[in-house]
Structure formats: structure tokens, C-alpha cells
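Step one of this worksheet: look at the structure below.
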Amino acid sequence: MKSSTPPHVLPIIVFAQFAGTSLWFAGNAVVPDIIQELGLLEALVGFITTAVQAGFITGTLVFAALSIADRFSPVKIFLLCSIAGALANLTIIFGSGFTTVMLSRFITGFFLAGIYPVGMKIASDWYKEGLGKALGYLVGALVVGTAFPHLVKYLGSNLEWRFVLIATSFVSSAGGLLLFLTVKDGPHRQKAGIFKPSAMFTLFSNKNFRSAAFGYFGHMWELYTFWAFVPVMLAYYTSLHSTAGINVSLYSFLIIGAGGISSAIGGHISLKKSSKKVALYSLLFSGISCLILPFFYGTPTVVFLLLLFIWGLSVIPDSPQFSTLVAQSSDSSYVATGLTIVNSIGFAITIVSIQLVNIAWVYFENPFVFWIMLMGPMAGLAAISRYKTSRTARKLSSPNT
């Protein structure tokens, strides 16, 4: 049966998702400039990412507890959060110290909870069939959106750092407005399961749920820490090889953004193979990349960059697959609760990982500190290998990246 969904819907949602999530790492792209202008410590690179993550966790829990996207129009919520997040992003421009910067990034993260997850809901309201493929593109949009500020920094290299924040805020607002003007709430919109924190113990008593959840936790231990420190890895290599000719902003965008392609491809592969297999191989390759990275700082530039590209490609495709497995292994009455709890714990874990690597890097400035991230793929592989795939598993997908 031919889909009745207008052809413009998915591209518009994907663009809006990309535009809104460009706020996520806008602060990271200009960290060196903020440190220099405000006289802050080098450790800001870890704290600025942690603030966004903490804001997102708080926002996710508030939105879930109050059923915001179920009680009100998801398209309108997306628009309001795109604009509010853009305004919060801009407040760094007027920052005068560490507290202002952290508060700005925290509030930006809070409103991202009304962009990324709500964008997924809008897609699910339109695509009853082929949802997995649609959400694969949306995860790809998140990845490219995350990388986008680095591209803006590269393109505006002759402009002051505030240009990056202004540009990403404009893009976020434009994406939300475009979605609001061209896409209505989907025909399959219905109230999702109620968020019930008390159901956590029931959910974790299921072996498959535990395997999927802990696999996702391992994935999250690595993912955002890798994204946060890609510019650091590149800058350190450049400091060792003055003739390398690496533009840190440009290659940060390319390496992180490459994951958008692999995420979409992983979604297609999972339809023929399985979500478990995509997750397994993704964790395996990203883990190997992390393991061997410290030994590649003495290699030619092209070899070093190739390894980082492989890492960037393999670090993300498992994210929507883990979310699919979490949803499939949740009791039908607690799917929303399961996804929300796993999402929140996963992002809380990123804070721990980011801070550990951040502190270790400040003290040692040695690439072997990046092995801290290796614990994630190792734990994830151990967990997901115990997942028992059922032939009758439901075709549910809702990425948690």
C-alpha cells in the first residue's frame, strides 16, 4: 500500500532536527576562544559539555514526567524549544565568567530535550510503516548537527568566535519555524505510555532489557566523550607535527559528521540483519579504534586521520539499534518509561566519562588517557552479547542518542 505521507515531511523533519541539534556542541567549537577571552581554565572543554548533558537530562525527565509532547502539539513544542534554546545559546556572548557560561549551556541542554526526542515523536506520528529507516536518518541529522558548529567555525575563521553562536542560534530558530510552517502533527499521533519511575525495577528484572540497557550505557560512556575530545585529539597531533596542516575545526566537523552517514546505513542494515548485530560490530570497531589510537600519534597525517574517521563512523550506528532493543524488551505498558529511564541514565554516564577524561587530560596530557573511553565498548559488548533475539520481537524504534 502506497504511503499517504507527503514527500516533503521527512526531509523537513530531518533538517529541523539537524538545525536544532546544532546548538549541542556550539560551545565546544569555541572553547579555546572563550578560555582566552574570559581567562578560564583549560578544563572548560569538559565542563561545558557536562553542563549541556545535565540540562538535557533534567529536561528529558521534566518533559516525560509532565507528558509535555503528549498533552500539547509536538510541532509547537519543537518550535518553542528551538527558539528558547537558540536564545539560551546566545547568552554566552554576554558572559563574564564561568558561571554564566555554565548556566547558558545548561539551559540550552534543557531545551534540547524539546528538540531531539520531540523530533523523533513527530516522525513516529507520521511514519507508522518504515519508522526505523526514518529514525535512522534523524539520528544522522543529530550527528551532523553536532558537528555543524565546527564547520561554522572553519568557514568563519576570520570572524570572532561569537559568530558561531549567532549562526547556530539562527539555524536552530529557522529549522523550528520551517517545521512549524510546513509540517502538521502526524495522523498517527496518540498518547504514549505514562512515565512511571516505579516501574524501573520491573523493567530491569527482564534479562533482555538489562542487556540492551547496559549495552547502551557502554555506548554512551564513549560517544559524547569522543565527540567532545575530537578537537583535542587533532590539536595534540598538530602540536607534535607542525607540518601536518590539519585544520582542527574542519576535520572535527568531518570526523564527527561522518557518523551521520554510517547511522543511516546502519538503519538499513538492521532491517536485513538485526539491531543486535549492528550494535555488536559498531562497538567492536569503535573499541578497536580507541585501543590503538595512542600508538598512531607517530604515524603520517593521512593514517592518523583515517583512524579517527573509522572511529567517527563506528561510534554512532549502534545508538538507534540499542534504543530499538530497549523498546522491544520493555513491557508494552512501560515502553515510554523504559526509554526515558535508559536515556536519562545514559546521559548521566556521559558526564562521568567526560569529567574523568577531562581531569586526566589536564593532569597528564597523554593520549593514553583516552583509554578511559575503552571501558564503554568493552562493557557494551559484554552486555549486548547476552541479548536473546526473538523472532516475534516487535518492530519498535526510538533512538536515545
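Observations on the structure shown:
- Filter pass, G156 being surrounded by 22 or more Cβ atoms within 10 Å (Cβ to Cβ), outside the structural domain of S314 (by TED's automatic domain parsing) and either closer than 30 Å to V248 by Cα or in contact with a strand residue (DSSP E or B) (Cβ under 9 Å, 6 or more places away or on another chain) (or both): no
- The residues of the range 22-33 that are closer than 17 Å to C81 by Cβ and either outside the structural domain of G176 (by TED's automatic domain parsing) or assigned to a helix (DSSP H, G or I) (or both) amount to a single one, A26.
- Tally, over the range 214-230, of residues that are farther than 14 Å from I354 by Cα and surrounded by 24 or more Cβ atoms within 10 Å (Cβ to Cβ): 2
- Any hit, the range 155-167, residues being in a helix (DSSP H, G or I), within 24 Å of G46 (Cα to Cα) and not aliphatic (A, V, I, L, M): yes
- Taking (1) of a type outside the set (V, I, T); (2) farther than 13 Å from A16 by Cα; (3) touching an Asp or Glu at 6+ places or on another chain (Cβ under 9 Å); (4) part of a helix (DSSP H, G or I) in turn, G109 satisfies each apart from (3).
- Selection status of L179, buried (at least 24 other Cβ atoms within 10 Å of the Cβ) and over 20 Å from the mean Cα position of the chain (by Cα): yes
- Hits in the range 278-296 - residues which are under 30 Å from S242 (Cα atoms) and surrounded by 16 or more Cβ atoms within 10 Å (Cβ to Cβ): F285, S286, G287, I288, S289, C290, L293, F296
- Residue match in the range 122-137 (condition: modelled with pLDDT of 85 or more, among the small types (G, A, S) and touching a Gly at 6+ places or on another chain (Cβ under 7 Å)): no
- You will find that of V164, V171, the residue that is touching an Asp or Glu at 6+ places or on another chain (Cβ under 9 Å), at pLDDT 95 or above and surrounded by 23 or more Cβ atoms within 10 Å (Cβ to Cβ) is V164 and no other.
- Verdict on A360 being part of a helix (DSSP H, G or I), modelled with pLDDT of 95 or more, crowded, with 22+ Cβ neighbours inside 10 Å and over 20 Å from the mean Cα position of the chain (by Cα): no
- The range 100-117, residues that are aliphatic (A, V, I, L, M) and surrounded by 24 or more Cβ atoms within 10 Å (Cβ to Cβ): L112, A113, I115
- For beta carbons closer than 7 Å, sequence separation of 6+ or different chains, a first residue in the range 147-160 that is free of Cβ contacts under 8 Å to residues at least 40 places away in the same chain and a second that is among the aliphatic types (A, V, I, L, M), the qualifying pairs are G156/V164.
- Of I255, I246, I261, all but one fail to be surrounded by fewer than 21 Cβ atoms within 10 Å (Cβ to Cβ), in contact with a Leu (Cβ under 6 Å, 6 or more places away or on another chain) and either under 18 Å from H150 (Cβ atoms) or not assigned by TED's automatic domain parsing to the domain that holds V278 (or both); the exception is I246.
- Taken as a whole, the structure places T108 among residues that are closer than 28 Å to T324 by Cα and at pLDDT 95 or above.
- Residues being surrounded by fewer than 17 Cβ atoms within 10 Å (Cβ to Cβ) and not in a helix (DSSP H, G or I) - total across the range 2-21: 6
- Filter result (among the small types (G, A, S) and in contact with a Leu (Cβ under 7 Å, 6 or more places away or on another chain)) within the range 140-191: S169, S172, G176
The values are calculated or read from the model by the stated rules, or taken from the named source; none is laboratory data. The shown structure was predicted, so the numbers you read here are calculated from the model rather than taken from an experiment. Glycine gets a Cβ as well: all are built from the backbone with ideal geometry, and neighbour counts include every protein chain shown.
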